[in-house]
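A.B. asks: Submitted below is the structure of interest, expressed as structure tokens.
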Amino acid sequence: MMKESEFKWWQKEVVYQIYPRSFMDSDGDGVGDLAGIEQKLDYLQQLGVGAIWISPIYPSPMADFGYDVSDYTGIHPLFGNMEKFDQLLKEVHEKGMKMILDLVPNHTSNEHPWFQESRKSRTNPKRDWYIWKDPAADGGPPNNWLSEFGGDGWELDEQTGQYYYHAYLKEQPDLNWRNPEVHEAVFKAMRFWLDKGVDGFRVDVMWHMIKDDQFRDNPPNPDYSPETMSPYRKLIPAYSTDQPEVHEVVRKMRQVTDEYTDRVLIGEIYLPVEKLIMYYGEGNKGAQLPFNFQLIGLPWDAAKIFAAVNDYEGALPEGAWPNWVMGNHDKSRLATRVGKSQARVAAMLLLSLRGTPTMYYGEEIGMEDVPIPPEQVQDPHEKNVPGKNLGRDPQRTPMQWDDSSNAGFTTGDPWLPVGNYGQCNVAGEWQKEDSLLSLYRKLLKLRNTEPALHIGDYFPYKCQDNLLSYFRSDGEKTFLILLNLGSSEVTLQLENIRENGICRLGTVRSSEGEEISGEVSLAPDEGKMLQYNNAYKELTGKDVGAR
Ligand code: GLC
Ligand code: MG
């Protein structure tokens with residue numbers, strides 16, 4: 001085994017995503033801000049997360065709530081100013097934590113000065129910074145590419161008679177990553193933040209960054225069903241996403257972060273595992289953490305999750321570090337997806353798998369999707385494609401801090417409605433030993449203190465009925481993690497483990513300290529973490545480090 005000190009912080013620490021508009025509002029305008037985050041740093045530190053990733057805080061017309069950037073090196077006045085940012089970064093570091101920023105290089109806002117220039121004329125020096133094409137023979141769009149947010153991916157700009165491509169809103173024109181000037185401009189912005197000491201970037205829609213150079217039509221998707229799926233999925237984005245040339249761009253971005261010590265490059269990539277792992281790059285010179293969203297996408301079924309974990313572990317290139325994401329601002333909330341009782345099991349899964357975990361604000365208290373009345377809808381996706389449950393407002397509602405009005409999030413009118421904060425809030429759960437929040441704190445503490453859990457090997461044990469189990473070991477201590485994803489009791493034979501295990505942590509507190517041998521039973525929705533002291537060789541037949 002490698003020594004603990006040989007691992008990087010981004011391998012050992014847990015990442016916590018903050019959606020800044022909804023985390024904490026310090027000035028009563030109903031929108032969260034940097035000073036609000038600052039107020040809650042103690043909370044995050046005590047929770048036990050080691051890094052925060054903050055969704056975009058840059059100047060933006062907010063057509064896509066910050067993912068339409070109009071200045072890559074500024075701070076939106078809604079969130080604060082550069083002074084406040086510098087102070088926040090300093091405080092994060094003083095607390096021994098890391099800060100990751102969102103980088104949105106695939107597209108800018110249509111109000112970005114680069115685009116304002118680019119659209120002026122066909123001969124403008126910045127024309128080729130974006131993707132401009134002549135209309136097709138019939139005057140329509142150049143090809144059949146669609147926007148992720150509904151409708152055509154092309155917008156006609158009357159003034160110059162050409163179309164520009166936008167993978168998302170028409171207010172989010174795609175940059176042309178085949179143009180080296182674009183590389184330099186975005187890399188300069190990256191260095192601006194890296195110079196300040198920012199610890200890395202989560203790169204937005206990394207797999208979208210380069211498109212087919214011949215702009216071929218995307219093929220139809222034979223599995224498309226209009227009732228349930230976004231119209232974007234009518235076509236398979238074979239030519240508009242995940243092009244071979246993207247890996248060169250990622251490698252260059254990584255070179256930029258590698259000019260600095262100990263920074264991390266994370267990629268947002270929604271692709272099947274065999275394609276996802278390509279983003280580690282040749283010789284692991286690409287993204288250090290290509291986000292692995294399988295726990296969000298898979299049905300909550302032990303056999304499917306067990307197989308997915310094992311396949312992913314098996315597919316990882318030599319030296320590539322795994323990661324797991326349980327929720328984000330684009331997906332239905334965990335407690336809504338898997339249910340309240342399974343949220344505890346899910347927490348144990350996320351925080352005991354091998355690889356960097358990313359959790360989403362509010363997950364730790366079991367926040368659920370909040371139904372949004374039509375007149376309060378904010379998300380452009382819901383506005384463009386209404387009524388298909390595609391809107392993302394329900395998972396972006398204000399953090400529920402306490403049971404005072406507006407959950408203690410704001411003294412003003414919150415930008416989105418607040419959820420069920422009477423029952424579900426930080427202050428209340430912090431007190432209760434049996435709360436989900438207390439379980440998260442214990443899980444984080446155990447993960448942070450036990451090398452077996454933050455850097456140890458993974459090896460699968462058994463999957464039976466709706467229970468899955470696996471080991472984590474650093475060669476000294478071995479943990480057996482048992483998770484019952486179902487609603488009936490399961491008894492598992494431990495015939496090949498001679499040593500007695502001690503329950504270090506359970507979703508049910510009373511199981512802690514139990515000594516277990518021969519077999520183990522798990523109640524519905526129960527999870528347990530058993531500790532063994534000499535089991536590594538016995539179980540694997542291998543000496544420590546022989547992996
Ligand atoms: C990413 C973001 C999402 C945004 C989109 C366009 O998927 O996570 O919120 O709408 O990119 O930037
Ligand atoms: Mg505010």
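The numbers here are math on the coordinates, done by the rules we state, and not lab data. This one's a predicted model, so the numbers in the text were calculated from it and none came from an experiment. No Cβ is skipped: glycine too gets one built from the backbone with ideal geometry, and neighbour counts run over all protein chains shown.
A.B. asks: Divide the volume of the convex hull of the Cα atoms of region 359-421 by its number of residues and quote the answer in cubic angstrom per residue. Display every interim value, and only then the final one.
C.D. replies: Numbers: hull volume 5.5 nm³, N = 63.
Hull volume over Cα atoms, normalised by residue count, gives 87 Å³.
A.B. asks: Now for a separate question. How would Ser510, Ser487, Ser230 line up from fewest to most surrounding beta-carbon atoms within 10 angstrom? Provide the component values of the computation, followed by the final result.
C.D. replies: Working: Ser510 9, Ser487 12, Ser230 19.
Ascending Cβ contact count within 10 Å gives the list Ser510, Ser487, Ser230.
A.B. asks: State, as an integer percentage, the relative contact order of region 10-161 based on alpha-carbon contacts under 8 Å between residues 6 or more apart. Provide the component values of the computation, followed by the final result.
C.D. replies: Values: 222 pairs, mean separation 25.8, N = 152.
Relative contact order here is 17 percent.
A.B. asks: Classify region 167-322: rounded, prolate or oblate, from the alpha-carbon gyration tensor (a ≥ b ≥ c, eigenvalue square roots; a/c under 1.5 rounded; otherwise prolate if a/b is larger than b/c)? Please report the intermediate quantities before stating the final value.
C.D. replies: Details: a/c = 1.97, a/b = 1.19, b/c = 1.66.
Because a/c hits 1.5 or more and a/b fails to exceed b/c, region 167-322 counts as oblate.
A.B. asks: Using only Cα atoms, figure out Rg for region 236-362 and give it as a multiple of 2.2 N^0.38 Å. Intermediate values should be presented prior to the final figure.
C.D. replies: Numbers: Rg = 15.4 Å, N = 127, 2.2 N^0.38 = 13.9 Å.
My calculation over the Cα atoms of region 236-362 gives 1.11.
A.B. asks: Right, next: Just to verify a number: FRET efficiency for Gln431 and Gln214, C-beta to C-beta distance, R0 = 51 Å, to 0.05? Provide the component values of the computation, followed by the final result.
C.D. replies: Working: r = 62 Å, r/R0 = 1.21.
The calculated FRET efficiency here is 0.25.
A.B. asks: Could you give the length gained by full extension between Val377 and Ala303, i.e. 0.36 nm per residue of separation minus their alpha carbon distance, to one decimal place?
C.D. replies: Working: separation 74, 0.36 × 74 = 26.64 nm, distance 3.73 nm.
So the chain would gain 22.9 nm between Val377 and Ala303.
A.B. asks: Order these by the 10 Å Cβ neighbour count, fewest first: Tyr72, Tyr43, Tyr19. Please report the intermediate quantities before stating the final value.
C.D. replies: Values: Tyr72 21, Tyr43 14, Tyr19 24.
Fewest-to-most Cβ neighbours within 10 Å comes out as Tyr43, Tyr72, Tyr19.
A.B. asks: For the pair Gln87/Asn496, report the inter-label distance in nm, with labels modelled 7 Å from Cα in the Cβ direction.
C.D. replies: With each label point 7 Å from Cα toward Cβ, the separation is 5.9 nm.
A.B. asks: Now for a different question. With θ set to phi - 60° and the Karplus curve 6.51 cos²θ - 1.76 cosθ + 1.60, what are the ³J(HN,Hα) couplings of region 57-63 in order, to the nearest whole Hz, using x for Gly and Pro?
C.D. replies: 10, 7, x, 6, x, 6, 5
A.B. asks: Which value in Å is the Kirkwood Rh of region 305-413 over different Cα pairs? Show your work: numbers first, answer last.
C.D. replies: Working: mean 1/r = 0.0625 Å⁻¹.
One decimal place: 16.0 Å for the Kirkwood radius.
A.B. asks: Here is a further query. When only alpha-carbon atoms are used, what values of Rg and Dmax, in angstrom, describe region 111-204?
C.D. replies: Values for region 111-204 (Cα only, Rg and Dmax): 15.1, 52 Å.
A.B. asks: Of Gly140, Gly513, Trp177, which is farthest along the charge dipole of the chain in the positive direction, counting Lys and Arg as +1 and Asp and Glu as -1 at C-beta?
C.D. replies: Ranked along the dipole, the leading option is Gly513.
A.B. asks: Could you let me know the centre-to-centre spacing of region 377-401 and region 187-256, using Cα atoms, in angstrom?
C.D. replies: 23
A.B. asks: Averaging the inverse of every distinct alpha carbon separation and then flipping it gives the Kirkwood radius. What is it for region 1-147, in angstrom units?
C.D. replies: Working: mean 1/r = 0.0557 Å⁻¹.
By the Kirkwood definition, the hydrodynamic radius is 17.9 Å.
A.B. asks: Can I ask one more? Along the positive direction of the dipole of the chain (beta-carbon charges: Lys, Arg +1; Asp, Glu -1; about the Cα centre), which of Val249, Leu436, Pro220 reaches farthest?
C.D. replies: Ranked along the dipole, the leading option is Val249.
A.B. asks: State the Kirkwood hydrodynamic radius of region 361-490 in Å, one decimal place, computed from all pairs of distinct Cα atoms. Write down the numbers at each step before the final one.
C.D. replies: On the way: mean 1/r = 0.0561 Å⁻¹.
After inverting the pairwise mean of 1/r, the radius is 17.8 Å.
A.B. asks: Further question: Based on the Cβ-Cβ distance from Glu476 to Glu512, what FRET efficiency comes out when R0 is 25 Å, to the nearest 0.05?
C.D. replies: Numbers: r = 21 Å, r/R0 = 0.84.
Given R0 = 25 Å and the Cβ-Cβ separation, E is 0.75.
A.B. asks: Mind putting a number on the dipole of region 328-404 about its Cα centre? Charges go on the C-beta only, +1 for Lys and Arg and -1 for Asp and Glu, and I need it in Debye to the nearest 20.
C.D. replies: Details: 10 positive and 11 negative charges, 90 e Å.
For region 328-404, the charge dipole is close to 440 debye.
A.B. asks: How far, in nm, would the chain grow between Asp71 and Ser488 when pulled straight, counting 0.36 nm per residue and subtracting the alpha carbon separation?
C.D. replies: Net length gain for the segment: 144.8 nm.
A.B. asks: Per the Debye formula with a single identical scatterer at each Cα and no solvent contribution, what log10 I(q)/I(0) holds for region 78-117 at q = 0.14, 0.19, 0.21 Å⁻¹?
C.D. replies: Scattering profile of region 78-117, log10 relative to I(0): -0.51, -0.74, -0.80.
A.B. asks: Based on DSSP, what percent of beta bridges with both residues in the chain are antiparallel, to the nearest 5? Numbers along the way, then the final one.
C.D. replies: On the way: 39 of 63 bridges.
Percentage antiparallel, nearest 5: 60.
A.B. asks: Just to be sure I follow: if Rg is taken over the C-alpha atoms of region 164-247 and Rh is the Kirkwood radius over the same atoms, what is Rg/Rh?
C.D. replies: On the way: Rg = 15.9 Å, Rh = 15.1 Å.
Rg/Rh for region 164-247 comes to 1.06.
A.B. asks: Ok, one more. Pulled fully out, how much extra length does the chain show between Asn124 and Val273, if you take 0.36 nm times their separation in residues and subtract their Cα-Cα distance? Before the final figure, lay out the partial values.
C.D. replies: Working: separation 149, 0.36 × 149 = 53.64 nm, distance 4.10 nm.
49.5 nm is the gain from fully extending Asn124 to Val273.
A.B. asks: Can you give the Rg to Rh ratio of region 70-147, both from alpha-carbon atoms, with Rh computed by the Kirkwood formula?
C.D. replies: Working: Rg = 19.0 Å, Rh = 16.1 Å.
My calculation of the ratio gives 1.18.
A.B. asks: Sum -39500 (n - 2.57) across every DSSP H segment of at least 4 residues in the chain, then divide by the residue count to get the 222 nm mean residue ellipticity, nearest 500. Display every interim value, and only then the final one.
C.D. replies: Details: 18 runs with 143 residues, N = 547.
Calculated from helices alone, the mean residue ellipticity at 222 nm is -7000 deg cm²/dmol.
A.B. asks: Beyond 31 Å, how much of the Cα-Cα pair distribution for the chain remains, as a whole percent?
C.D. replies: Of all Cα-Cα distances in the chain, 48 percent exceed 31 Å.
A.B. asks: OK, next. To the nearest 0.05, how large is the calculated FRET efficiency for Lys285 and Glu227 if R₀ is 56 Å and r is the Cβ-Cβ distance?
C.D. replies: 0.80
A.B. asks: What does the charge dipole of the chain about its Cα centre add up to, to the nearest 20 debye, if the Cβ of each Lys and Arg holds +1 and the Cβ of each Asp and Glu holds -1?
C.D. replies: Details: 57 positive and 83 negative charges, 178 e Å.
It works out to roughly 860 debye.
A.B. asks: Could you list log10 I(q)/I(0) for region 290-336 at q = 0.28 Å⁻¹, which the Debye formula gives when each Cα is one point scatterer?
C.D. replies: Evaluating at q = 0.28 Å⁻¹ gives log10 I(q)/I(0) of -1.11.
A.B. asks: Of Ser70, Pro59, Leu47, which is farthest towards the positive pole of region 14-91's charge dipole, taken about the Cα centre with +1 and -1 on the beta-carbons of Lys, Arg and Asp, Glu respectively?
C.D. replies: The one lying farthest along the dipole's positive direction is Leu47.
A.B. asks: State, as an integer percentage, the relative contact order of the chain based on alpha-carbon contacts under 8 Å between residues 6 or more apart.
C.D. replies: Numbers: 1181 pairs, mean separation 70.3, N = 547.
About 13 percent, as a whole number.
A.B. asks: Further, regarding this structure: Between the alpha-carbon centers of region 1-35 and region 467-504, tell me the distance in whole angstrom.
C.D. replies: 31
A.B. asks: Also, quick follow-up: Give me the dipole magnitude in Debye, nearest 20, for region 29-175 about the Cα centre, with unit charges on the beta carbon: positive for Lys and Arg, negative for Asp and Glu. Can you show the working numbers first?
C.D. replies: Numbers: 12 positive and 24 negative charges, 68 e Å.
The calculation lands at about 320 debye.
A.B. asks: Quick check on the exposure proxy: order Trp177, Trp132 from fewest to most C-beta atoms within 10 angstrom.
C.D. replies: Numbers: Trp177 23, Trp132 20.
Lowest count first: Trp132, Trp177.
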